[in-house]
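Visitor: Dropping the structure in here first, questions after.
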Amino acid sequence: MAEADNHARTRHTLGWRAWLGQAVLYGLFALVIGVFSHWPPYRHLPPDTAVIKLSVLHTGKPKSACHQLSAEELAALPPNMRAPVSCPRERSPVVVELDIDGAAAARIAAPPSGLSGDGASAIYTRLAVAAGERAIAVRLRDDANNADFAYHIEQRVTLAPAQVLVIDFDAEHGEITLQ
Amino acid sequence: MTRTIAPSGNAAWRWLEQGFDRAFGASGNPLRLLGALLFLCFAVLLVSGAWLYAGYDTSVRGAHASVARLTESRWSMGALMHSLHRYATDAFVILTVLHLVRELLYGHWRHFRRFSWLSGCALLPFIGAAAIGGFWLVWDELGLFSAVASAEWLDALPLLGEPLSRNFLRAAALSDRLFSLFVFVHIGVSLLLVLVAWLHLQRVSRAVVMPTRALAFGTTLSLLALSVLAPVAQPAPANLARIPAALSFDWWVLWPHALMYASSASMTWGIVLAMGAGLCALPFLPGAPRAAAAVVDPQHCNGCRRCFEDCPYGAVSMIAHPTAGHGRELALVDAALCAGCGICAGACPSATPFRSVLQLVNGIDMPGLTVDSLRQQLREGLRASSAPRPLVLFACLHGADSTRVAANDVLVLPLICSGQLPPAFVEYALRDGAAAVLVASCHDYGCEYRLGARWTGARLNAQREPQLRAGVARSRVQWLAAERGEEARLVAALDALRERGARDGQRAMNGHGADHG
Ligand code: HEM
Ligand code: HEM
Ligand code: SF4
Ligand code: SF4
């Protein structure tokens, strides 16, 4: 109790004004919390806009093919590593192009991940587009030795406002998906 | 020793704090008890969180439904707990910012406070992660938005091969494991937060972690009333195929998402990391030199432990006395922890000015302002005063500016902290000719060294060793809280003492006259 008595030395006896002040300050505290915990609303998108998420996780083709090592090349290697065929692990970057209504909307080249460049390439990007009917064209290339886009899709889609359209690549079936 | 030092603290904050004193009293002022209020909010979060967790379903399909079921009826306990949990989070964020701003404005990051400051900074990411992660659990539109925004933000760091954001492309790809991770993040991080908060308090002794009962009651009641009057709305469940046009948004917690979409993920990282680095760099910047640490004189330390008990920063430890033997202890000061406040010097029983030694040596003392120099100043000041019976004012250098009350009949003796004053000095001043003694400190929760005002009051009220002896006329001693900006209180107190002195003098004269009449 000793400490409480000490407090009494500096405590003013609180009059009605002080109690009123407390009530106002507590009210203000609650008001400030209550208001900004849900207002003003956050508008992530302008009206009549949809979102396209273009995302691919795919491992490109090996950058160079396996090849037979020559005798000199073999001799240059330490004895325990003298395998007759060398298969470089480095992968090709994955290149994706997206056109909307014939105009280029995204051109992305994703390098392979991993220290020796032998991992998957990852792409994730989001674009806001005006809602309505759109012509979507997507091309994907995963082989550095082939300039052609091995995979492509063209489709007309009707985007509702606030809709999210996901463009992905299904490696198993070798197709670009829109959903 | 100068009579004033650069005003400690910021005038604007001090003004606000003293304004709040008028409504709450200095001992119940929320602005002086922000750390304790943070612990209160944490307790509310823990209780409401545990309640919510009991009814929570950790699965993709079940999560939102379980929260919806809990909060279905506006007047149910579940709805109350849900709203309370949210509003306590907002309060937590607001109070953290206020606590940080207060310590920042008072320059509390240097020297002996470095550890408190840095551990405080370390709490910030935990608070952010716990608060933002809570929204994911509800798995409504806002929770989904926050989870995606957080994932996109984290993906901007070159940490992971696979973007986290890919987890939220398709409903089919969502796994219950992800929700276990959410729960782990939310509850795990909030429990880690307790651990870091405990670390945060390691350098202060007797940390005030409980607000006064009135303040705890008022704060909890405010949050409860808000939860009842404006319950948190239950928005629609998460739908990965849609981004809602307008979200009811908790700006206190989710502002980083808005900042990110208004700028970019890397810009937001830049801003957040720069602010964090700036805060963490403060203790390492050159600035005011460190006050000299307390010094123990083994010859004069009898091992009574008072300094050990009273030190506000745990800088004193007791070790076996190397020469005295027989279980005698000796105080030892860790200079790295010492604030140089002198509260220990005021606690030491060796500091009795009545000892007729030429030089007063204290068991523990401040090199910049020793008890011996204090006694000398007191003696010479009283001798030199032009007033026959001057008033002696022992004033804390951090408190009210004592130069403003300079007068012929007032002898001002500045102290590093009012806690530096050994109570025997009060008695000594009165015996040596002072009419009355005024001891000016800061408010209980306004002391620059945390405990100085409290211990001063307790010692003068004979509730704590060393006590002001019972024989001392209490009418001639006053202890007063007067902080910088409250000089008027000093003036008023001195006037009152003068008046009382004059009245007593009059009475004595009348009494004297009657004796002989
Ligand atoms: C969960 C968040 C936090 C809690 C619960 C908390 C709590 C506390 C408490 C209870 C005290 C002791 C007060 C006393 O008895 O004198 C304190 C002191 C302190 N806090 Fe915090 N704090 C938090 C965050 C922070 C942050 C973010 C900072 C700044 C970056 C900070 C800086 C300080 C400093 C410098 C002190 C020392 C004050 C002194 O030595 O006089 N704290 N805190
Ligand atoms: C520093 C500590 C904590 C903070 C800042 C915090 C914050 C939050 C936030 C902001 C929400 C979202 C509420 C909403 O959308 O309205 C939430 C939800 C939740 N929290 Fe916490 N929380 C904390 C500690 C805890 C603890 C310790 C538990 C469990 C023991 C817990 C369990 C839950 C549960 C189950 C939910 C989802 C259910 C619901 O919101 O109704 N929280 N939390
Ligand atoms: S000067 Fe203050 S901080 Fe240092 S040992 Fe003494 S009481 Fe503790
Ligand atoms: S208060 Fe003085 S005598 Fe007591 S332990 Fe500390 S230094 Fe020693």
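No lab work stands behind these numbers, since they all come straight from the coordinates. A quick note: this is a predicted structure, and the numbers were derived from the prediction, not measured. All Cβ positions, glycine included, derive from the backbone under ideal geometry; neighbour counts span all protein chains shown.
Visitor: Taking the number of other C-beta atoms within 10 Å as the exposure measure, put B:ILE319, B:ILE132, B:ILE416 in order starting with the fewest.
Guide: On the way: B:ILE319 10, B:ILE132 23, B:ILE416 27.
Ranked by crowding around the Cβ, least crowded first: B:ILE319, B:ILE132, B:ILE416.
Visitor: Follow-up question, since we're still on this one. Please report the orientation-averaged projected area of the protein assembly as shown, defined via the convex hull of its C-alpha atoms, in nm².
Guide: Numbers: hull surface 184.3 nm².
Dividing the Cα hull surface by four gives the mean projection, 46.1 nm².
Visitor: Where a ≥ b ≥ c are the square roots of the eigenvalues of the C-alpha gyration tensor, would you call region B:191-308 rounded, which needs a/c under 1.5, or, failing that, prolate if a/b is larger than b/c, or oblate? Don't skip to the answer; put the middle values down first.
Guide: On the way: a/c = 3.86, a/b = 1.74, b/c = 2.22.
The shape class here is oblate.
Visitor: From the alpha carbon gyration tensor of region B:315-396, can you work out the equivalent ellipsoid semi-axes (sqrt of 5 times each eigenvalue) and give them in Å, largest to smallest?
Guide: Values: eigenvalues 189, 50, 16 Å².
That gives 31, 16, 9 Å for the three semi-axes.
Visitor: Using a 10 Å cut-off on Cβ to Cβ distances, tally the other chain neighbours for every residue of A:87-100 and report the average as a whole number.
Guide: The shielding value for this peptide is 0.
Visitor: Let a ≥ b ≥ c be the square roots of the eigenvalues of the Cα gyration tensor of region B:55-203; is it rounded (a/c under 1.5), or, if not, prolate (a/b larger than b/c) or oblate? Please report the intermediate quantities before stating the final value.
Guide: Values: a/c = 2.59, a/b = 1.50, b/c = 1.72.
Taking the square roots of the gyration eigenvalues as a ≥ b ≥ c, region B:55-203 is oblate.
Visitor: Kirkwood hydrodynamic radius (Cα pairs, Å) of region B:9-140?
Guide: Values: mean 1/r = 0.0593 Å⁻¹.
It works out to 16.9 Å.
Visitor: Quick one, what does Rg over Rh come out to for chain B if you take C-alpha atoms and the Kirkwood Rh? The partial results should precede the final answer.
Guide: Numbers: Rg = 29.1 Å, Rh = 26.5 Å.
Using only Cα positions, Rg/Rh for chain B is 1.10.
Visitor: List B:MET318, B:MET81 from most exposed to least, where exposure is judged by having the fewest other Cβ atoms within 10 Å.
Guide: On the way: B:MET318 15, B:MET81 22.
Final ranking by Cβ density, sparse to dense: B:MET318, B:MET81.
Visitor: Another question about this same structure. Quick one: 3J(HN,Hα) in Hz for region A:126-142, Karplus 6.51/-1.76/1.60 with θ = phi - 60°, rounded, Gly and Pro as x.
Guide: Each residue's phi maps through the Karplus curve to give 10, 10, 8, 10, 5, 5, x, 7, 10, 8, 10, 10, 10, 10, 9, 10, 9 Hz.
Visitor: Right, another one. 5 Å is the cut-off here: which amide hydrogens, built 1.01 Å from N in the peptide plane, fall below it relative to B:ILE364, excluding neighbours closer than 5 in sequence?
Guide: Those qualifying (amide H under 5 Å, at least 5 residues apart or on another chain) are B:ASP297.
Visitor: Another question about this same structure. Rounded, prolate or oblate: which fits chain A, taking a ≥ b ≥ c as square roots of the Cα gyration tensor eigenvalues, rounded meaning a/c under 1.5, else prolate when a/b beats b/c?
Guide: oblate
Visitor: Sticking with this one: With a 10 Å Cβ neighbour count serving as the proxy for reagent exposure, in which order, fewest first, do B:VAL472, A:VAL24, B:VAL357 appear? List each step's numbers first, then the result.
Guide: Values: B:VAL472 19, A:VAL24 11, B:VAL357 8.
Lowest to highest Cβ neighbour count: B:VAL357, A:VAL24, B:VAL472.
Visitor: Looking at region B:368-500 from every direction and averaging, what is the projected area of its Cα convex hull in nm²?
Guide: Working: hull surface 29.2 nm².
Orientation-averaged projected area of the Cα hull: 7.3 nm².
Visitor: Another question, if that's okay. Please give the Cα centre distance for region A:115-179 versus region B:189-254, rounded to the nearest Å.
Guide: Using only Cα atoms to place each centre, the spacing works out to 41 Å.
Visitor: Give me the percent of DSSP beta bridges within chain B that run antiparallel, rounded to the nearest 5. Can you show the working numbers first?
Guide: Working: 9 of 25 bridges.
So the antiparallel bridges amount to about 35 percent of the total.
Visitor: Below 14 angstrom from the Cβ of B:GLU152, what's the summed charge of the other residues (Lys, Arg +1; Asp, Glu -1)? Spell out each step's value before the answer.
Guide: Working: positive: A:LYS53, A:ARG126, B:ARG166; negative: B:ASP155, B:GLU162.
Net charge in that neighbourhood comes out at +1.
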